[in-house]
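Visitor: Just dropping this structure here.
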Amino acid sequence: MVSLEKIDKSYVTGSHRLHVLKAVDLEIESGEMAAVMGASGSGKSTLMNILGLLDNYDGGSYRLDGQLMRDLSETRAAVLRRQLIGFVFQSFNLIPFKTAAENVALPLYYQGLGRRRRQAAALEYLERVGLRDWATHRPSEMSGGQQQRVAIARALVARPKLLLADEPTGALDSETSHEIMELLQQVNREGVTVLVVTHERDVAAMTRRVIRLKDGRVEDAHARLPDA
Amino acid sequence: MLIVLLGSGVGLGHGVEYQFRDDAVNSIWVFPGQTSVPYKGLQPGRRVQLTNDDHDEVATGVEGVDHISSRYFIRGSVQVRYRNETSTFNVRAVHPDHLYLEKTIVVDGRFLNPLDVRDHRKVAVIGTKVKDALFKAEPPVGKLIEVNGVAFQVVGVFSDEGGERELERIYLPISTAQRAFGGANRIGQIMMTTGDEPLERTSAMADEIHRRLAARHTFSVDDPRAVEVENNNEQFARINGIIRGIRIFVWIVGLGTLLAGIVGVSNIMLIAVRERTREIGVRKALGATPRSIVLLILQESILITSIAGYAGLVLGVGVLELAARKLPPGSYFRNPEVDLGVALQAMALLIVAGLVAGFVPARRAAAVRPVEALRSE
Ligand SMILES: Nc1ncnc2c1ncn2[C@@H]1O[C@H](COP(=O)(O)OP(=O)(O)OP(=O)(O)O)[C@@H](O)[C@H]1O
Ligand SMILES: [Mg+2]
């Protein structure tokens, strides 16, 4: 599904140059569910952004679903994102003035689906995350866990092959985190490749593989979880 | 705002047209006066008396005359009687072409014709007010009325857009009136229309008329008071010029206002884009192309200008209505209305304004980098 070869990425701020990813090699098979762990600043989010075609990389090669992702135009990247990738963020990132259903339907709008079919699909996916009754509510009326479930419904509605979740439970209590991870496990069982960035051992324990980053390198691509 | 201004411009135009509504604008009027300079040994202060011969000379000698009529004024007040009803009305003795000069509208029967004049027929055409006063509901055509004791047969009823006073008139054939009321061959005024002759030609015509009359009545061509030849073409053109100037000015002020509006909306949208950076980032992450982001912002910009503009439109129409009601009638500012054409133009302008106002913000939004947008907490 994902194949990274010697990926390099630096940020240049003024005269300062920060080498964030250093020759990252990584293979993720289709249908995997993996956790990415590592200290703050180790480059986890940067890696996710590159995988999600939100940012470009300086060196190496990235293949997604067999296609080489290199020098993409913004429009091309947008099209690939809407076809292949779903995002779940730590801070949910729902659009505040839209209802849950409208938020979920948004990716389908960009796929060019008609209003009726968008609405139907949005309700179907809200049903799957158990929030059918909240369809007409705005994000501000919902708890963090509920908002994150709406966000997951939104990430799934366009049937992506790869789901990228950067600290999806970072803003949630442990019980709610557990529910969210169960939801992601279920998504993974349906064939979606899931990648979760997390600092929490319990969260990582609910995946089937742990990738450890340290100082912009893959320290261990099949790490064992440290004992609690 | 723009609408108020545009409407005012229209109103001004209406006012002018209204001033001229009664009489043909492409006309030349000739009024006799008194000589004011000595000429060929003759003293100033002589009255010039126009006659039928003057009428004929102008009618046949001056090129470009379309319709021509003279007027003969009956001295003193004129008593008009039908059966037991007597009243004073304004009587005009004219040629048949007078119909075109006053924009008279015949509503019943006919107007005067050349045979009436040639045969000195005792016929009359009365205004609708005259009809109401003398005949009430009775059909007047064919009935006899007495004008200062002389019987005339009513052959027609007319209406006129010139207002109430025009409707209280009676038209008689000029020849009949001259004979019946001791006018001999005297006339009080000559008036004519100039058809489609261009402005310069009508000026030349006015000069020629003045020259011919000067020769016939032996007064100096440079005497301004002996005979006054008034060219309404010139007046109308001059006033039209002023109106056009005012309208252009109004447009410039309006466009200035519009420009200020565009800058305002543009700034609002820029702030909105900045505040919605995160949302735009999310949309991009969900697969929005730069193009769709541009369209989104332009749409919203047009929505803002349209709503604001529509409110302005309604407000503007309201103000104009109020002004129309409050203004004294007959002033130069009349019916300041906004017709459909103006409204459509304004709407189109608003949409264009929205596009222009949204352009920079839309570009800014499209350039948002999703990574940074999503990082900004
Ligand atoms: N746009 C940027 N410009 C400059 N530096 C950046 C940018 N984005 C990230 N960095 C830097 O790159 C390094 C890696 O950042 P990254 O967000 O990938 O870390 P992370 O592993 O996700 O950390 P955390 O666990 O805190 O989320 C950090 O030192 C960060 O300051
Ligand atoms: Mg991070």
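Visitor: One residue is enough: does segment A:185-196 have a residue meeting the conditions open to solvent by less than 20 Å² (accessible area, probe 1.4 Å), under 17 Å from A:Ser45 (Cβ atoms), aliphatic (A, V, I, L, M) and within 16 Å of ligand 2 (Cβ to nearest atom)?
Guide: The answer is yes; a qualifying residue exists.
Visitor: Could you grab the pairs with beta carbons closer than 6 Å, sequence gap of 6+ or different chains, first residue in segment B:251-262 and modelled with pLDDT under 80, second one of a type in the set (Asp, Glu) and surrounded by 15 or more Cβ atoms within 10 Å (Cβ to Cβ)?
Guide: If the second residue must be of a type in the set (Asp, Glu) and surrounded by 15 or more Cβ atoms within 10 Å (Cβ to Cβ), no pairs are left.
Visitor: Could you run through segment B:54-87 and say how many residues are within 19 Å of B:Arg118 (Cα to Cα), open to solvent by 20 Å² or more (accessible area, probe 1.4 Å) and among the small types (Gly, Ala, Ser)?
Guide: 1
Visitor: Could you grab me the full set of residues in segment A:11-55 that are within 14 Å of another protein chain (Cβ to nearest Cβ), closer than 30 Å to B:Thr289 by Cβ and among the small types (Gly, Ala, Ser)?
Guide: A:Gly43, A:Ser45, A:Gly52
Visitor: Of the numbered conditions (1) open to solvent by 10 Å² or more (accessible area, probe 1.4 Å); (2) over 18 Å from B:Glu372 (Cα atoms), A:Asp58 satisfies every one except a single condition; which is it?
Guide: All conditions are met except number (2).
Visitor: Only residues that are open to solvent by less than 10 Å² (accessible area, probe 1.4 Å) and modelled with pLDDT under 90: list them for segment B:165-196, please.
Guide: B:Gly183, B:Thr194
Visitor: Looking at segment A:72-114, which of the residues that are polar (S, T, N, Q), part of a helix (DSSP H, G or I) and within 8 Å of chain B (Cβ to nearest Cβ) is most open to solvent (accessible area, probe 1.4 Å)? Steps first, answer last, please.
Guide: Applying the first criterion (polar (S, T, N, Q)) to segment A:72-114 yields A:73, A:75, A:83, A:90-91, A:93, A:99, A:103, A:111.
Applying the additional criterion that residues be part of a helix (DSSP H, G or I) yields A:75, A:83, A:103.
Now restrict to residues that are within 8 Å of chain B (Cβ to nearest Cβ): A:75, A:83.
Details: A:Thr75: 66, A:Gln83: 101 Å².
Once the filter is applied, the top-ranked residue is A:Gln83.
Visitor: Also, I was wondering about something else. Is there a residue in segment B:280-290 that is open to solvent by 40 Å² or more (accessible area, probe 1.4 Å) and among the polar types (S, T, N, Q)?
Guide: In the first step, residues of segment B:280-290 are kept if they are open to solvent by 40 Å² or more (accessible area, probe 1.4 Å); the result is none.
The answer is no, given that none of the residues of segment B:280-290 is open to solvent by 40 Å² or more (accessible area, probe 1.4 Å) and among the polar types (S, T, N, Q).
Visitor: Any residue at all in segment A:9-25 that's out of contact with any strand residue (DSSP E or B) (no Cβ under 6 Å at 6 or more places or on another chain), polar (S, T, N, Q) and either open to solvent by 10 Å² or more (accessible area, probe 1.4 Å) or more than 11 Å from ligand 1 (Cβ to nearest atom) (or both)?
Guide: Checked against the condition, which is being out of contact with any strand residue (DSSP E or B) (no Cβ under 6 Å at 6 or more places or on another chain), polar (S, T, N, Q) and either open to solvent by 10 Å² or more (accessible area, probe 1.4 Å) or more than 11 Å from ligand 1 (Cβ to nearest atom) (or both), segment A:9-25 yields at least one hit.
Visitor: How about segment B:98-145: which of its residues are charged (D, E, K, R) and free of Cβ contacts under 8 Å to residues at least 60 places away in the same chain?
Guide: Within segment B:98-145, B:Asp108, B:Arg110, B:Arg118, B:Asp119, B:Arg121, B:Lys122, B:Lys129, B:Lys131, B:Asp132, B:Lys136, B:Glu138 meet the criteria.
Visitor: Among the candidates B:Ile307, B:Ile297, B:Ile293, which residue alone is within 14 Å of chain A (Cβ to nearest Cβ) and either open to solvent by less than 20 Å² (accessible area, probe 1.4 Å) or not basic (Lys, Arg) (or both)?
Guide: Exactly one of B:Ile307, B:Ile297, B:Ile293 is within 14 Å of chain A (Cβ to nearest Cβ) and either open to solvent by less than 20 Å² (accessible area, probe 1.4 Å) or not basic (Lys, Arg) (or both), namely B:Ile293.
Visitor: For segment A:30-43, give me the residue count where each residue is open to solvent by less than 10 Å² (accessible area, probe 1.4 Å) and within 11 Å of ligand 2 (Cβ to nearest atom). Break it down stepwise before answering.
Guide: Residues of segment A:30-43 open to solvent by less than 10 Å² (accessible area, probe 1.4 Å): A:33-36, A:42-43.
If we keep only those that are within 11 Å of ligand 2 (Cβ to nearest atom) too, we end up with A:36, A:42-43.
Total satisfying the criteria: 3.
Visitor: Search segment A:44-71 for residues being within 16 Å of ligand 2 (Cβ to nearest atom) and assigned to a loop (DSSP other than H, G, I, E, B), and hand back the single one that is nearest to A:Leu4 (Cα to Cα). Break it down stepwise before answering.
Guide: Let us first name the residues in segment A:44-71 that are within 16 Å of ligand 2 (Cβ to nearest atom), namely A:44-52, A:54-55.
Of the ones still in play, those that are also assigned to a loop (DSSP other than H, G, I, E, B) are A:52, A:54-55.
Values: A:Gly52: 13, A:Leu54: 16, A:Asp55: 14 Å.
Among those residues, the one meeting the criterion is A:Gly52.
Visitor: Every residue in segment A:149-186 that is within 14 Å of chain B (Cβ to nearest Cβ) and in a helix (DSSP H, G or I), please. Explain how you work it out, then say what you get.
Guide: Applying the first criterion (within 14 Å of chain B (Cβ to nearest Cβ)) to segment A:149-186 yields A:150-168, A:170-171.
Within segment A:149-186, A:Val150, A:Ala151, A:Ile152, A:Ala153, A:Arg154, A:Ala155, A:Leu156 meet the criteria.
Visitor: Also, quick follow-up: Identify the residue in segment B:211-239 that is in contact with a helix residue (DSSP H, G or I) (Cβ under 7 Å, 6 or more places away or on another chain) and part of a helix (DSSP H, G or I) and, among all such residues, is farthest from B:Gly358 (Cα to Cα).
Guide: Step by step, filter segment B:211-239, then rank; the result is B:Arg216.
The values are calculated or read from the model by the stated rules, or taken from the named source; none is laboratory data. The structure presented is a predicted model; accordingly, all values stated were derived computationally and were not measured. No Cβ is skipped: glycine too gets one built from the backbone with ideal geometry, and neighbour counts run over all protein chains shown. These area figures cover heavy atoms from the full protein model, side chains too; ligands, DNA and RNA do not enter into them. Shrake-Rupley method; radii C 1.70, N 1.55, O 1.52, S 1.80 Å.
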